[in-house]
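The values are calculated or read from the model by the stated rules, or taken from the named source; none is laboratory data. From a predicted model like this one, the values you see are computed outputs, not experimental measurements. Here the Cβ positions follow ideal geometry from the backbone for every residue, glycine too, while neighbour counts run over all protein chains shown.
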């Protein structure tokens with residue numbers, strides 16, 4: 001069979017998904033009781049002659065998914081809000097923390113990239129601060145900011161900062177010597193050089209940093225919201241675990257995955273927009 | 001080397017410092033020459049003799065360790081819009097189209113001009129190098145020859161007092177090189193541009209240059225001879241090889257590159273002003289040697 005690679009890949013994906021769902025189906029099949037000794041008891045307990053494992057069946061999963069997708073924005077008080085509302089809160093935190101980080105990291109990275117002196121002077125700080133898990137900052141943030149929601153934004157800020165800072169500095173420092181020479185021989189002003197030569201030349205590297213940052217931020221927000229509580233997709237997962245509603249947990253996990261993919265897709269597009277071919 | 005020359009280069013030397021602060025032997029030293037307004041000067045020498053460094057100093061991108069460069073009565077201390085540079089690797093900005101690359105230079109030269117005027121001006125130079133139809137392409141979509149044309153157009157577009165070309169056709173195939181040489185010759189003849197150009201190609205030098213500077217090998221390279229191109233100025237690539245002068249000049253240059261540049265280096269205790277020779281003219285003694293060759297022989 002002569003099928004294009006993309007079609008073959010798509011078919012294989014569908015098959016693998018089918019296999020996975022089938023295993024799920026088998027794993028959650030009702031288990032028939034071997035003995036009939038407890039039939040009376042079972043009768044007393046209603047239809048409980050069958051025992052299921054703790055995992056939801058595919059039908060249950062489908063029902064839950066349908067429920068969420070048809071009513072994403074319902075609001076029944078503090079601990080019962082639609083998945084859409086939870087997502088919106090998480091996204092708002094991620095985007096504001098990310099935007100703040102970009103506002104700091106890109107200009108600072110630019111200056112570091114331009115100045116070998118600053119690069120060397122700030123390197124020890126960056127090397128020490130970079131590997132710290134952003135959640136380790138949480139107590140300090142809660143103590144100083146005294147507001148849970150703002151603290152989670154701070155945590156996003158701190159985790160998005162480093163990849164953008166490092167990539168911007170690297171991108172700016174490695175702008176080709178000949179483009180700078182062109183700018184010199186044309187007596188281009190420093191500001192014009194920064195925006196018309198260095199920025200477009202370093203843009204692909206900077207955008208890569210932003211893409212990495214966004215990926216990390218989306219990973220971290222779930223953990224941060226589990227800690228902080230209140231609202232958001234991370235808190236939703238934790239809350240449903242406390243409710244022992246695994247169907248809801250699984251649904252939330254899938255939503256986190258899809259949103260993460262979407263964010264990455266957007267940044268991949270932006271990256272392609274600023275990438276130049278040499 | 002008269003002070004009256006449009007561009008005067010005097011006693012130029014370049015010494016590099018290594019990481020420990022030790023000074024190297026000078027790459028070149030006591031380099032001096034002059035270029036008149038409207039003159040096309042080529043410099044030939046083996047790799048490593050510091051040709052590109054000399055060009056960078058003329059451009060103001062590098063500082064000499066000794067000596068100075070005076071252009072039009074003023075010392076060259078840094079880069080300037082008065083000197084347009086065509087870089088070896090074309091150095092186009094890959095995120096800009098052909099016309100935007102040229103417009104970037106135009107905008108740098110005339111900062112107050114309106115956008116439409118800048119683009120018109122850039123378009124004029126796109127057409128000058130025969131790139132109509134490609135003005136909206138990015139450099140990556142162009143052939144090597146086309147890229148170098150854009151580089152030339154960008155340098156011409158700022159209407160500099162002097163043009164500096166660093167081996168602009170080195171990376172091109174022979175056919176393309178010929179075409180662009182013709183174009184450069186046509187533009188230079190039309191605009192009476194003053195040009196300083198590095199080349200490895202003897203034929204290119206003979207076609208384009210009025211004067212050819214010969215450099216001995218480094219370290220301690222010098223300009224040892226100035227060859228005056230006595231071929232008529234209205235020359236073309238197709239007719240060049242019909243002129244008997246062409247072969248005399250060509251042999252002279254090739255001899256220099258193959259043999260004498262090395263012997264000249266060995267004779268580096270001799271510090272004299274470069275000899276000015278005209279090998280294209282008929283031989284002036286019975287041995288078939290020009291006076292300057294006789295002098296050179298006497299030196300060695």
(message) Take the conditions free of Cβ contacts under 8 Å to residues at least 24 places away in the same chain and over 25 Å from residue A:175 (Cβ atoms) and apply them to residue B:107. Does it pass?
(response) no
(request) Give segment A:220-252 a look and list any residue that's assigned to a helix (DSSP H, G or I) and either touching a strand residue (DSSP E or B) at 6+ places or on another chain (Cβ under 6 Å) or free of Cβ contacts under 8 Å to residues at least 12 places away in the same chain (or both), or say none. (result) A:241, A:242
(message) Tell me yes or no: at least one residue of segment A:128-143 is more than 24 Å from residue A:215 (Cβ to Cβ), away from chain B (no Cβ under 14 Å), in contact with a helix residue (DSSP H, G or I) (Cβ under 6 Å, 6 or more places away or on another chain) and in a helix (DSSP H, G or I).
(response) yes
(message) Among the residues in segment A:184-193, are any surrounded by 19 or more Cβ atoms within 10 Å (Cβ to Cβ), at the interface with chain B (Cβ under 7 Å from one of its Cβ atoms) and part of a helix (DSSP H, G or I)?
(response) yes
(message) I'm checking my understanding of the structure. Among residues of segment A:112-138 that are free of Cβ contacts under 8 Å to residues at least 24 places away in the same chain and either buried (at least 16 other Cβ atoms within 10 Å of the Cβ) or at positive phi (or both), which one is farthest from the chain's Cα centre (by Cα)?
(response) A:122
(message) Suppose the filter is over 26 Å from residue B:62 (Cβ atoms) and either surrounded by 22 or more Cβ atoms within 10 Å (Cβ to Cβ) or at the interface with chain A (Cβ under 9 Å from one of its Cβ atoms) (or both); does residue B:138 pass it?
(response) yes
(message) Whether any residue in segment B:33-40 is surrounded by 22 or more Cβ atoms within 10 Å (Cβ to Cβ) and modelled with pLDDT of 90 or more is what I want to check.
(response) yes
(request) With the checklist (1) more than 20 Å from residue B:153 (Cα to Cα); (2) touching a residue at least 24 places away in the same chain (Cβ under 8 Å) in hand, flag the one item residue B:39 doesn't pass. (result) (1)
(request) Go over the candidates A:258, A:251 one by one and state the one that is surrounded by fewer than 17 Cβ atoms within 10 Å (Cβ to Cβ) and within 30 Å of residue A:21 (Cβ to Cβ). (result) A:258
(message) Anything in segment B:75-90 that is at pLDDT 90 or above and either more than 18 Å from residue B:153 (Cβ to Cβ) or surrounded by fewer than 22 Cβ atoms within 10 Å (Cβ to Cβ) (or both)? List them, or say none.
(response) B:75, B:76, B:77, B:78, B:79, B:80, B:81, B:82
(message) One residue is enough: does segment A:256-275 have a residue meeting the conditions under 30 Å from residue A:183 (Cα atoms), in contact (Cβ under 8 Å) with a residue 40 or more places away in the chain and not in a helix (DSSP H, G or I)?
(response) yes
(request) Quick one: count up the residues across segment B:163-178 that are in contact with a helix residue (DSSP H, G or I) (Cβ under 7 Å, 6 or more places away or on another chain) and more than 13 Å from chain A (Cβ to nearest Cβ). (result) 5
(request) With respect to residue A:204, determine if the residue is crowded, with 17+ Cβ neighbours inside 10 Å, facing chain B (nearest Cβ under 7 Å) and assigned to a helix (DSSP H, G or I). (result) no
(request) For residue B:143, state whether it is surrounded by fewer than 17 Cβ atoms within 10 Å (Cβ to Cβ), more than 12 Å from chain A (Cβ to nearest Cβ), modelled with pLDDT under 95 and within 30 Å of residue B:230 (Cβ to Cβ). (result) no
(message) Can you tell me how many residues within segment B:4-36 are over 27 Å from residue B:181 (Cα atoms) and without any contact (Cβ under 8 Å) to a residue 60 or more places away in the chain?
(response) 14
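Residues are listed down the side, and each one gets a yes or a no for (1) assigned to a helix (DSSP H, G or I); (2) surrounded by fewer than 20 Cβ atoms within 10 Å (Cβ to Cβ):
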residue: B:207; (1), (2): yes, no
residue: B:219; (1), (2): no, yes
residue: B:224; (1), (2): no, no
residue: B:227; (1), (2): no, no
residue: B:232; (1), (2): no, yes
residue: B:238; (1), (2): no, yes
residue: B:241; (1), (2): yes, yes
residue: B:246; (1), (2): yes, yes
residue: B:249; (1), (2): yes, no
(message) Criterion first (outside any helix (DSSP H, G or I) and surrounded by fewer than 15 Cβ atoms within 10 Å (Cβ to Cβ)) does residue A:78 satisfy it?
(response) yes
(message) With the requirement that a residue be at pLDDT 85 or above and outside any helix (DSSP H, G or I), what does segment B:166-192 give you?
(response) B:166, B:167, B:168, B:169, B:192
(message) Can you tell me which residue is farthest from the other protein chains (Cβ to nearest Cβ) among those in segment A:261-273 that are surrounded by fewer than 16 Cβ atoms within 10 Å (Cβ to Cβ) and more than 21 Å from residue A:234 (Cα to Cα)?
(response) A:265
(request) At least 1 residues that are within 14 Å of another protein chain (Cβ to nearest Cβ) in each: list the strands (runs of 3 or more DSSP E) lying fully within segment B:37-131 that qualify. (result) B:66-71, B:83-86
(message) Any residue that is surrounded by 10 or more Cβ atoms within 10 Å (Cβ to Cβ), over 30 Å from residue A:83 (Cβ atoms), more than 30 Å from the chain's Cα centre (by Cα) and at pLDDT 60 or above - is there at least one of those in segment A:1-11?
(response) yes
(request) Report whether or not residue A:217 is within 14 Å of another protein chain (Cβ to nearest Cβ), touching a residue at least 12 places away in the same chain (Cβ under 8 Å), within 19 Å of residue A:105 (Cα to Cα) and part of a helix (DSSP H, G or I). (result) no
(message) Could you check segment A:22-70 and list, in sequence order, the residues that are more than 19 Å from residue A:252 (Cβ to Cβ), in contact with a helix residue (DSSP H, G or I) (Cβ under 7 Å, 6 or more places away or on another chain) and modelled with pLDDT of 90 or more?
(response) A:25
(request) Take segment B:153-162 and flag every residue that is farther than 16 Å from residue A:181 by Cβ and in contact with a helix residue (DSSP H, G or I) (Cβ under 9 Å, 6 or more places away or on another chain). (result) B:153, B:156, B:157, B:159, B:162
